[in-house]
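Heads up, the thing below is written out as C-alpha cells.
The values are calculated or read from the model by the stated rules, or taken from the named source; none is laboratory data. Just so we're clear, the structure is a prediction, and the values are computed from it rather than from any experiment. Glycine gets a Cβ as well: all are built from the backbone with ideal geometry, and neighbour counts include every protein chain shown. Side chains are part of the model used for accessible areas, which takes the heavy atoms of the whole protein and leaves out ligands, DNA and RNA. Shrake-Rupley method; radii C 1.70, N 1.55, O 1.52, S 1.80 Å.
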Number of protein chains: 2
Amino acid sequence: MSFTSDPLDSLRVTYQLRCAPGEEVRGKATGIALEQTAELPAACLSPELRDRVVGRVETVDPLPDGRWEAVIGYPRAVLDDLPQLLNVLYGNISLKAGIRVASVEWPPSLLAALPGPRFGVDGLRALCGARTQRPLVCAALKPVGLPPAALADLAYRFASAGVDMVKDDHGLADQPSAPFGERVALCQEAVQRANRETGGASRYFPNVTSGFPALPDRVAAARGAGCRGVLVSPLLLGLDAMRWLTATSDLALLAHPTGTGAFFHSEHGIAPEVLLGDLFRMAGADGVIYPNAGGRFPFSEAVCARINARLRGPLGTFKPALPVPGGGIDVARVSYWIDRYGADMMVLIGGSFYLQPDPAAAAAELVATIRRQFGG
Amino acid sequence: MSFTSDPLDSLRVTYQLRCAPGEEVRGKATGIALEQTAELPAACLSPELRDRVVGRVETVDPLPDGRWEAVIGYPRAVLDDLPQLLNVLYGNISLKAGIRVASVEWPPSLLAALPGPRFGVDGLRALCGARTQRPLVCAALKPVGLPPAALADLAYRFASAGVDMVKDDHGLADQPSAPFGERVALCQEAVQRANRETGGASRYFPNVTSGFPALPDRVAAARGAGCRGVLVSPLLLGLDAMRWLTATSDLALLAHPTGTGAFFHSEHGIAPEVLLGDLFRMAGADGVIYPNAGGRFPFSEAVCARINARLRGPLGTFKPALPVPGGGIDVARVSYWIDRYGADMMVLIGGSFYLQPDPAAAAAELVATIRRQFGG
C-alpha cells in the first residue's frame with residue numbers, strides 16, 4: 001500500500017523567493033512546504049506522513065535578480081475547498097518575507113470540482129446582444145451619494161447610448177442615499193425601458209457585495225427585478241462566495257478587484273495573473289475587472305497581458321472569461337487597447353465618460369466607433 | 001438643510017504615505033479621499049456631493065523617515081456593512097503604491113452596529129473553567145493527514161494534561177484523511193472524556209473555515225457535538241462571515257491570521273493592530289491568534305504589544321478580546337511572554353509541544369507552572 005500522492009494531480013506552485021542575509025534557499029523552500037501543510041518541524045513527522053502530506057520541493061533555481069525560483073508540489077490530499085486552497089497557496093507564508101506565488105499548475109481533480117465561468121466571453125456577448133466577436137463597452141453608475149432616480153437616469157442614458165453593460169460602482173452598497181432594493185428596481189427598469197426604445201440588449205449589473213444573509217437576499221432581489229448579472233468583490237466577500245453565487249444562481253458574474261492590491265508586491269504576495277486570472281476564473285467570474293496600464297493604477301501592460309492570457313487561455317475545461325480593463329481608461333485610447341488586447345474584452349469607462357459635458361453622448365460615440373470596426 | 005456629515009461619527013483613517021518622485025502629498029491624499037468614495041475626479045462632482053460623500057483630508061504632516069502622515073475623515077454616509085467598510089478603508093487604494101493604514105478612529109454608530117466579542121477575555125476564561133485571572137494554554141491538533149482517531153487521541157492527551165483549549169490546526173478542513181464530522185465527534189468526545197476524568201473543563205475548538213453552505217453545516221455539527229467554540233480564518237472566509245457566526249450562533253470564536261500577511265508591509269497595507277486587533281475584534285473574535293515575536297514569523301515585539309493593546313483596550317462598548325500569541329512559541333519561554341504581555345492572554349503552543357518525546361507531558365508541565373504562579 002502506497003500513500004504517495006499522484007504527482008499528476010498535485011498543486012504545483014512556482015514561488016519567487018528572496019533570501020534574507022544568512023537565509024539558505026533550500027531551507028526556506030522546505031520551510032514553506034512544511035508550513036503550508038503539516039505546520040510542524042520535519043522531525044515531528046513520520047516518513048510515511050511526510051510523504052503523504054508535506055509539500056515536495058521539486059526544483060530550486062537562481063533568478064537573474066538574486067532571487068530564487070522554487071517549485072513545490074503539494075499533495076492533493078491536503079487540499080479541500082476554495083478556502084483551504086487559499087490556505088495552502090498563501091496562508092501562513094503570507095506572514096513571512098520574500099515569498100511570492102508566481103504561477104500555479106492546478107490539480108485536474110480540483111479544477112473539475114470548481115465551477116468556472118457560467119457565461120464566459122461568448123455567453124456575456126450573447127447576454128448583451130453582441131452579434132459579432134466585438135469588444136463590449138461597460139459604463140459605471142456613480143458616485144455614491146446620488147439618489148436612486150439620478151442613478152437610474154444615468155443608467156437610462158448609458159443604455160440608450162448602446163453601452164453593453166451598465167454596472168453599479170463597487171462602492172454602491174445599501175447606503176441610505178440609494179437603498180439597494182429601490183436602486184436596483186429603478187436602474188433595471190430604466191435599462192429595460194431604454195432597450196425597448198432602441199431594440200438593444202444593454203444589461204444592468206447591480207453590486208450585490210454584502211454579507212450574510214444580505215448577499216442571498218440581494219441576489220434574489222436582483223434576479224427578481226430581471227437582472228441577468230451582478231457585480232461582486234471577491235476579496236471583500238471571500239472568494240468562495242463567488243463560487244457559491246455561480247453554483248446557486250444563473251446570473252453572470254462580473255468580479256471587481258477592490259482590496260486585491262494587498263497581494264501584488266514584486267517580492268511578496270500572489271501574482272496578479274494568478275489571483276485575478278486563474279483564481280477569479282476558477283471561482284466563476286465571467287468577467288474580471290482589473291486596473292489597466294496607463295490609468296490611475298501602476299499595473300504595467302505586461303501584467304495586464306498576463307491577466308488576459310490567464311482569463312482567456314486554456315484552464316481545465318473552463319470557458320474563457322472576459323478581461324475587463326478599467327481604472328482610468330481614457331475613452332480616446334480605447335482603440336489602442338483593443339489593438340493590444342484583442343477584441344475578446346470589455347472596456348470599462350468611468351471618469352473619462354463623466355468628464356465629458358454629456359457622458360452618454362461620449363458613450364454613444366465609443367459604441368459607434370467599435371461597431372463601425374467590428375459590426376453589431 | 002445641510003448635507004454635511006457629523007464629523008464626530010466619521011471614519012477617521014490615519015495613513016502613512018510614501019510619495020513617488022514627482023508625486024505631491026496633498027494631491028496623493030486628495031486622490032485617496034476621492035478614490036475610496038466617489039471614484040471620480042473632483043471636477044465631476046457638485047460642491048454639495050463633494051461635501052456629502054468625499055473623504056476630507058484633515059491633516060498632512062511629515063514623518064521623520066521621509067513619508068507623510070495624512071488623516072482623512074470619511075462621511076458615515078458612504079459606509080454600510082463590513083465589506084463596504086473594508087472597501088472604503090483599503091479597497092481600490094490597495095492597488096496603489098505607498099499607502100498604509102496606520103490607525104483608525106471608528107464611527108460610534110458603526111461600532112454600535114457590530115457585535116464585538118460575545119465571550120471576550122473573561123468569557124473565555126469562564127468557558128475553560130479558569131478560576132483566576134490567569135493566562136490560558138492552547139494546544140493544536142496536527143498535522144493534517146492523521147486519521148480522526150489519532151487526532152482524538154492527541155486531543156484526549158492534551159485535555160488530560162489540563163490544557164484549556166485544544167484547537168484544530170487551521171489546515172484541517174474536510175480532507176478524506178479526517179472528514180470533518182467524524183473528526184469533530186471523536187475529538188469532542190475525547191476532550192469530554194478527559195474532562196470527566198480530571199474534573200477539568202478543556203474545550204475543543206474545531207476549524208469550521210469553509211464555504212457556503214458548508215460553513216453553517218459545520219457550525220451546526222460542531223454545536224451538535226457539544227463544542228462551545230470554533231476556529232475560523234477570517235481572511236479565507238471573508239471578515240463578514242465571522243460577524244455572521246457571532247450573530248447566529250452562541251459559539252466562542254478563535255480567529256486565525258492565515259493570509260493576513262499580505263497586508264502587513266511597512267509602507268503598504270493595513271497595520272497588523274488594525275486588522276488583527278480592531279477589525280477582528282469588531283467582527284466578533286473572542287480570541288485572536290497572531291504570529292508572536294521570536295517565532296517563525298517576523299513580527300516584532302512592539303507590533304505584538306500594539307495588537308494586544310487593540311484587542312484588550314477600549315473600543316466602543318466591546319468586551320476585551322484575548323490575545324493568542326503563537327507561531328512558534330517555545331514552551332520554555334512562556335513565562336517571558338507572560339511577563340511582557342500580562343496574564344490576559346492565551347499561549348498557543350504547537351511544534352514546541354510536538355518536539356518533546358511526550359507532547360502531553362510537556363503541556364502538563366506548562367499548565368502546572370502557570371497554575372503555581374496564578375492559581376486555578
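Annotation note: of B:Arg218, B:Arg196, B:Arg223, the sole residue that is buried (at least 18 other Cβ atoms within 10 Å of the Cβ) and farther than 19 Å from B:Tyr290 by Cα is B:Arg218. Residue pairs whose Cβ atoms lie under 9 Å apart, sitting 6 or more positions apart in sequence or on different chains, and linking a residue in region A:242-263 that is among the basic types (Lys, Arg) to a partner that is in a helix (DSSP H, G or I) and surrounded by 24 or more Cβ atoms within 10 Å (Cβ to Cβ), are A:Arg243/A:Leu82; A:Arg243/A:Met282. Every listed requirement among (1) more than 9 Å from chain A (Cβ to nearest Cβ); (2) at pLDDT 95 or above is met by B:Ser94 save one, (1).
If you go through region A:117-162 and keep only what is without any contact (Cβ under 8 Å) to a residue 24 or more places away in the chain and of a type in the set (Ser, Thr, Tyr), you end up with nothing. Among residues of region B:200-212 being small (Gly, Ala, Ser) and either within 14 Å of chain A (Cβ to nearest Cβ) or within 15 Å of B:Ala139 (Cα to Cα) (or both), the one that is most open to solvent (accessible area, probe 1.4 Å) is B:Ala201. Scanning region A:135-145 for residues that are under 17 Å from A:Leu355 (Cβ atoms) and within 13 Å of chain B (Cβ to nearest Cβ) returns A:Ala139, A:Ala140, A:Leu141, A:Lys142, A:Pro143. Take region B:97-126 and flag every residue that is within 13 Å of chain A (Cβ to nearest Cβ), in contact with a Gly (Cβ under 7 Å, 6 or more places away or on another chain) and surrounded by fewer than 19 Cβ atoms within 10 Å (Cβ to Cβ). Of everything in region B:97-126, just one residue is within 13 Å of chain A (Cβ to nearest Cβ), in contact with a Gly (Cβ under 7 Å, 6 or more places away or on another chain) and surrounded by fewer than 19 Cβ atoms within 10 Å (Cβ to Cβ), namely B:Pro115. Only residues that are in a loop (DSSP other than H, G, I, E, B), over 22 Å from B:Lys167 (Cα atoms) and either open to solvent by less than 60 Å² (accessible area, probe 1.4 Å) or within 12 Å of another protein chain (Cβ to nearest Cβ) (or both): list them for region A:9-45, please. Those that are in a loop (DSSP other than H, G, I, E, B), over 22 Å from B:Lys167 (Cα atoms) and either open to solvent by less than 60 Å² (accessible area, probe 1.4 Å) or within 12 Å of another protein chain (Cβ to nearest Cβ) (or both): A:Ser10, A:Cys19, A:Ala20, A:Glu23. For region A:127-172, the set of residues classified as assigned to a strand (DSSP E or B) and open to solvent by 10 Å² or more (accessible area, probe 1.4 Å) consists of A:Leu146 only.
Scanning region B:299-334 for residues that are open to solvent by less than 10 Å² (accessible area, probe 1.4 Å) and within 12 Å of chain A (Cβ to nearest Cβ) gives a single hit, B:Gly326.
Matching residues to (1) open to solvent by less than 10 Å² (accessible area, probe 1.4 Å); (2) in contact with a Gly (Cβ under 8 Å, 6 or more places away or on another chain); (3) of a type in the set (Gly, Ala, Ser); (4) touching a residue at least 60 places away in the same chain (Cβ under 8 Å):
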site: A:Ala214; (1), (2), (3), (4): no, no, yes, no
site: A:Pro234; (1), (2), (3), (4): yes, no, no, no
site: A:Ala283; (1), (2), (3), (4): yes, no, yes, yes
site: A:Phe297; (1), (2), (3), (4): no, yes, no, no
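Looking across region A:57-88, the residues that are touching a residue at least 40 places away in the same chain (Cβ under 8 Å), touching a Gly at 6+ places or on another chain (Cβ under 9 Å) and more than 9 Å from chain B (Cβ to nearest Cβ) come down to A:Glu58, A:Arg67, A:Ile72, A:Gly73, A:Tyr74. Considering each residue of region B:247-254 in turn, none proves to be within 12 Å of chain A (Cβ to nearest Cβ), buried (at least 24 other Cβ atoms within 10 Å of the Cβ) and not polar (S, T, N, Q).
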